[in-house]
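First up is the structure itself, then whatever we jot down about it.
The values are calculated or read from the model by the stated rules, or taken from the named source; none is laboratory data. Since we're looking at a predicted model, the values are computed, not measured. For neighbour counting, all protein chains shown are included, and Cβ atoms are generated from backbone atoms with ideal geometry for every residue, glycine included.
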């Protein structure tokens with residue numbers, strides 16, 4: 001029979017910062033805390049097994065109680081838990097999701113701004129001559145055909161038909 005338990009990770013001052021439910025060595029190994037980040041696991045002497053249970057449901061209820069008792073940071077408590085405990089998933093409001101997404105993309109852009117600009121400029125510089133050469137070749141070989149093709153793409157109806165035809169051809173080639 002499996003044994004379940006609830007555990008708490010303690011700060012250096014002895015206050016809990018995370019409460020969870022587990023079996024086996026769950027409390028002692030790194031595990032996810034939402035998408036992409038992990039719960040910081042303390043030294044073994046700061047991991048406290050709160051209570052053991054014979055059934056999972058009781059362990060879930062105790063975890064929920066402990067999270068409710070100490071409170072989550074986002075609600076003014078002291079725990080970094082994202083959800084209420086039990087079988088629930090972390091629930092974010094739409095505003096929180098937008099804010100997290102905005103912060104994440106801004107962080108990526110700030111960290112990679114120079115890299116992205118350098119890569120774009122490098123590609124542009126390397127391929128500028130190639131693109132210009134292709135254009136000159138096409139235009140000098142048959143300028144009338146090239147002008148007709150450009151004109152066709154500017155006519156909305158013909159443009160629509162052209163792209164539809166291209167899509168179906170690509171789709172048929174792929175199968």
Quiz item: Going by the structure shown, is residue 32 over 14 Å from residue 85 (Cβ atoms), under 25 Å from the mean Cα position of the chain (by Cα) and loosely packed, with under 15 Cβ neighbours inside 10 Å?
Solution: yes
Practice problem: Output the residue which, of all residues in the range 20-49 that are part of a strand (DSSP E or B) and at pLDDT below 95, is nearest to residue 77 (Cα to Cα). | Solution: 20
Quiz item: Of all the residues that make up the range 3-25, how many are loosely packed, with under 14 Cβ neighbours inside 10 Å and touching a residue at least 24 places away in the same chain (Cβ under 8 Å)?
Solution: 4
Self-check item: Failed condition for residue 90, given (1) surrounded by 10 or more Cβ atoms within 10 Å (Cβ to Cβ); (2) out of contact with any strand residue (DSSP E or B) (no Cβ under 9 Å at 6 or more places or on another chain); (3) at pLDDT 80 or above
Solution: (3)
